[in-house]
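The values are calculated or read from the model by the stated rules, or taken from the named source; none is laboratory data. Because the structure is a prediction, the values reported are computed rather than measured. Cβ: placed from backbone, ideal geometry, glycine included. Neighbour counts: every protein chain shown.
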Amino acid sequence: MPDVAPHGLDGRSAPAYVRVANTFRDQIVTGRLRPGEQVPPTRTVAEEMGISRWVVAQAYDQLKAEGYLIGRMGSGTVVADTPARSSVHPTQPEPQAPPSASASASEPPPPHLFDLSPALPDVTSFPRSSWRAALNRALVDVTDAELAHPDQQGAPALRHTLAGYLRRVRGMELDPDRIRITQGVRASVALICRQLREHGARRVAIEDPSWPRLAEIAAGNGLEVMGVPVDDGGVRVPDLVSGSHRVDAVFVTPTHQFPMGMPLAAGRRGTLIEWARTRGVMIVEDDYDAEFRYDRLPVGALAALAPDQVVYLGSVSKSLSPGVGVGWLATPPRFAGLLTERNPVDGLPSIIDQRALASWIEHGGYDRHLRRQRRRYQRRRDALASALTSMASKTSVTADGTSLLGTVATGMDAGLHLIRLLPEGVDEGDVVVRCRAAGAIVMGLSDCRRGPGPAGLVLGYANVPESQAQTVSQLIHNSTVSTD
Ligand SMILES: Cc1ncc(COP(=O)(O)O)c(C=O)c1O
């Protein structure tokens, strides 16, 4: 196993997967990893580096795309025959030389890559023409003053528009002055964690399971992270309130628990809010995919119930594209320091993009896009869920509910992903790796978890057209039953 430095010299601030990819690329170009040699399993690297296995898998995917690695059915991931050679590499992924002809001739990469990452919307349906029109309007509207000295809290026009949008759609009464524009939920979480730490906070509570980056960001900012289990009613608030540990903030996904998918039960909402008020605990609501509801009525935002206690986070990453890089946080006056923090790690999105988003929402572009996407995603979800279910019913082994092959679990009535629990005894990590080798990027449920729990896959369906649902489901099924 190569000597993998979690914080390589080449990019302390780069995302974790970029650092891992850089380290392995170095090992390859300097000949320490030789053509045909197997790279260590993602599990081993993840354990050694103390990072999520998903991150390692992302790094391997990056290197496959660059032609340095190839996936081989049955023998894992190996170094390509004649990988692109360079002594310098970027800290951010950049287009690299394509895989050499001999590498692809000896072992072609999977013919088609299905990306079932739960965070990814279908960017092929990005509304290019209405966004272009919004950009044009932004270029007309933006003032010289904004171009010279953009408001560090975010463009007033966008904050004003978002206040109206969140009032209309999420029932929140908001003063635009209480909104701060960021580059997305990730950036908002980083900003909050940093402020918490600077004000003496020591411990935060998060849902278990939860979005893997959340714990990484909190821990990276010096906060102790406490996981609170999730059950059918969402995060187990009774465990939190009866616990003896002092926590300074609690991060929740009350509308659509990530990744399990249920809303936070009504009774728990009240208890959580009362407890937080009494103890002076900050509640952070991550409303990461609030726009997508299919079979149930919209669930109100927690921030609408407790505007005095909840810091609310959203972004356009799921609704539009993570590449646009615009998010927001709305805070009660008591946490107003979040609005004025002068030195956010990630900075502001471009003033033109902020203006364009404001204009796009005002002109009805956002509503139209969401209506179209909701229909599209609902069809894709139905197709994938039914393909998985029919595959499971043909092959299921036996019956204790959750141990049936292909059980499609909670979380399907909203969002962009579903959960497929795996049969007992099946190694989730092996299934994830086999899916990748066969051409599908999937996320393992245990990457989201801190404590023990059932094995499963978190399957984003936004990029699986109905016509491909059967193929993807077969691929996942084969990867699950394979005994390689
Ligand atoms: C629950 C959850 N919150 C936040 C994010 C990140 O959001 P953003 O792209 O706005 O940083 C993700 C996924 O990437 C997520 O799954």
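For the reader, a short list of remarks on this structure follows.
- Within segment 156-174, residues that are assigned to a helix (DSSP H, G or I) and modelled with pLDDT under 95 have Cβ atoms under 6 Å from residues that are surrounded by 22 or more Cβ atoms within 10 Å (Cβ to Cβ) and not hydroxyl-bearing (Ser, Thr, Tyr) in these pairs: Arg170/Ala301, counting only partners at least 6 apart in sequence or on another chain.
- Residue list for segment 419-434, restricted to those being at pLDDT 90 or above and charged (D, E, K, R): Arg420, Asp427, Glu428, Asp430, Arg434
- Among the candidates Ala385, Ala392, residue that is modelled with pLDDT of 90 or more, assigned to a helix (DSSP H, G or I) and either farther than 30 Å from Arg277 by Cβ or more than 19 Å from the chain's Cα centre (by Cα) (or both): Ala385
- Qualifying residue in segment 346-367 (condition: among the aliphatic types (A, V, I, L, M), part of a helix (DSSP H, G or I) and closer than 26 Å to Arg197 by Cβ): no
- When Ala155, Ala145, Ala205 are checked against the criterion of being touching a strand residue (DSSP E or B) at 6+ places or on another chain (Cβ under 6 Å), closer than 25 Å to Glu341 by Cα, of a type in the set (Gly, Ala, Ser) and away from the ligand (no atom under 15 Å from the Cβ), Ala205 stands alone in meeting it.
- Considering residues of segment 314-332 that are polar (S, T, N, Q) and either in a loop (DSSP other than H, G, I, E, B) or closer than 18 Å to Arg372 by Cβ (or both) only, the residue nearest to the ligand (Cβ to nearest atom): Ser317
- Within segment 427-448, the set of residues being among the hydrophobic types (A, V, I, L, M, F, W, C), surrounded by fewer than 22 Cβ atoms within 10 Å (Cβ to Cβ) and more than 13 Å from Leu113 (Cα to Cα) is empty.
- Residue list for segment 29-47, filter: aliphatic (A, V, I, L, M) and over 26 Å from Met443 (Cα atoms): Val29, Leu33
Conditions (1) among the acidic types (Asp, Glu); (2) out of contact with any strand residue (DSSP E or B) (no Cβ under 8 Å at 6 or more places or on another chain); (3) surrounded by fewer than 23 Cβ atoms within 10 Å (Cβ to Cβ), marked per residue:
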residue: Thr255; (1), (2), (3): no, no, no
residue: Gly261; (1), (2), (3): no, no, yes
residue: Gly323; (1), (2), (3): no, yes, yes
residue: Gly327; (1), (2), (3): no, no, no
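- Within segment 171-187, considering residues that are out of contact with any Lys or Arg (no Cβ under 8 Å at 6 or more places or on another chain) and either more than 16 Å from the ligand (Cβ to nearest atom) or of a type in the set (Gly, Ala, Ser) (or both), the one nearest to Pro332 (Cα to Cα): Arg178
- Qualifying residue in segment 296-313 (condition: under 15 Å from the mean Cα position of the chain (by Cα), touching a residue at least 12 places away in the same chain (Cβ under 8 Å) and either within 11 Å of the ligand (Cβ to nearest atom) or in a loop (DSSP other than H, G, I, E, B) (or both)): yes
- Filtering segment 234-277 to residues that are β-branched (Val, Ile, Thr) and within 16 Å of the ligand (Cβ to nearest atom) leaves Val235, Val250, Val252, Thr253, Thr255.
- Pairs meeting the criteria (first residue in segment 185-203 and among the hydrophobic types (A, V, I, L, M, F, W, C), second residue assigned to a helix (DSSP H, G or I) and within 12 Å of the ligand (Cβ to nearest atom), beta carbons under 8 Å, at least 6 apart or on different chains) are Val189/Arg213; Val189/Leu214; Val189/Ile217; Ala190/Ile217; Cys193/Ile217.
- Considering the conditions (1) touching a residue at least 24 places away in the same chain (Cβ under 8 Å); (2) away from the ligand (no atom under 13 Å from the Cβ), Asp289 is excluded by exactly one of them, (2).
- Residues satisfying the stated conditions in segment 219-233, i.e. away from the ligand (no atom under 13 Å from the Cβ) and over 20 Å from Arg277 (Cα atoms): Ala219, Gly220, Asn221, Gly222, Leu223, Glu224, Val225, Gly227, Pro229, Asp231, Asp232, Gly233
- Looking across segment 208-218, the residues that are within 10 Å of the ligand (Cβ to nearest atom) and touching a Phe, Trp or Tyr at 6+ places or on another chain (Cβ under 9 Å) come down to Ser210, Trp211, Pro212, Leu214.
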